[in-house]
Amino acid sequence: MAENRKIGTGVIIKDNVVLGDNVTIGDNVYIDYNCIIRDNVTIGAGSTIGADCILGEYQMDFYKNNRKNGVHPLIIGENAILRSGTIIYGDCNIGDNFQTGHKACIREFSQIGNNVSVGTLSDIQGFCKIGNYVRMHSYCHIAQKTILEDYVMLFPRVT
């Protein structure tokens, strides 16, 4: 392992997990099989990352710059639960007690508060600001530059 990775105590990392550079994993984190944690990702203590998740997904500069990844930090707060298949791009800042359903996708430059839940197959298209205690049920689509203030609830299939 590279010296620039910081892995806390009590961390469980299952088989076939790929860890990039400048990764920080807090204490008591569980990372399930086949996850990709790209460069510059921070995962808060007590979090659970389900199988087949990608954290810090590549942005367009990767494809335009001969497949060289830029610096795009992803910060996920404490006690997150990311269910299997979740993809979160870099340049996002996510608060504590965040949860996703299966196969949620969160694009770059999203700012997400504390105690937020993003349902199964929901899609946040980036450059969004989402407040605290927001609940999105399954299949929600949030367009770029959307602002959701605190205590918003979106029911299934809301666009």
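Pairs of lysines in the chain whose Cα atoms sit within less than 24 Å of one another amount to 7, provided the residues are eight or more positions apart or on different chains. Solvent exposure of the chain amounts to 51 Å² per residue of accessible area, where only protein heavy atoms count and the probe is 1.4 Å. Applying D = kT/(6 pi eta Rh) to the range 1-132, where Rh is the Kirkwood radius over alpha-carbon pairs, T corresponds to 25 °C and eta to 0.890 mPa s, the Stokes-Einstein value obtained is 171 µm²/s. Under a 5 Å amide H cut-off, with hydrogens placed 1.01 Å from N, I124 pairs with C105, I106, R107, I142 among residues at least 5 apart or on other chains. In the range 67-159, the portion of solvent-accessible area held by carbon and sulfur atoms comes to 51 percent [1.4 Å probe, whole percent, DNA, RNA and ligands not counted].
Take every Cα pair under 8 Å whose residues are at least 6 apart in sequence, average their separation, divide by the length of the chain, and the relative contact order is 13 percent.
Within the shell of other residues whose beta carbon sits under 11 angstrom from the beta carbon of G56, the net charge comes to -4, with Lys and Arg scored +1 and Asp and Glu -1. Here the range 31-81 is described by how far its Cα atoms reach on the three principal axes: 36, 20, 11 Å, from widest to narrowest.
Work out the P(r) tail for the range 91-159: percent of alpha carbon pairs separated by more than 15 Å, whole number. Pairs farther apart than 15 Å: 43 percent.
Each helix, a run of at least 4 DSSP H residues, gives -39500 (n - 2.57); summed and divided by the residues of the chain, these come to -500 deg cm²/dmol at 222 nm.
The values are calculated or read from the model by the stated rules, or taken from the named source; none is laboratory data. This structure is a prediction, so every number in the text was calculated from the model and none was measured. With ideal geometry, Cβ positions are generated from the backbone for all residues, glycine too; neighbour counts draw on all protein chains shown. For the accessible areas, the whole protein counts, side chains as well, though only heavy atoms, and no ligand, DNA or RNA atoms are used. Shrake-Rupley method; radii C 1.70, N 1.55, O 1.52, S 1.80 Å.
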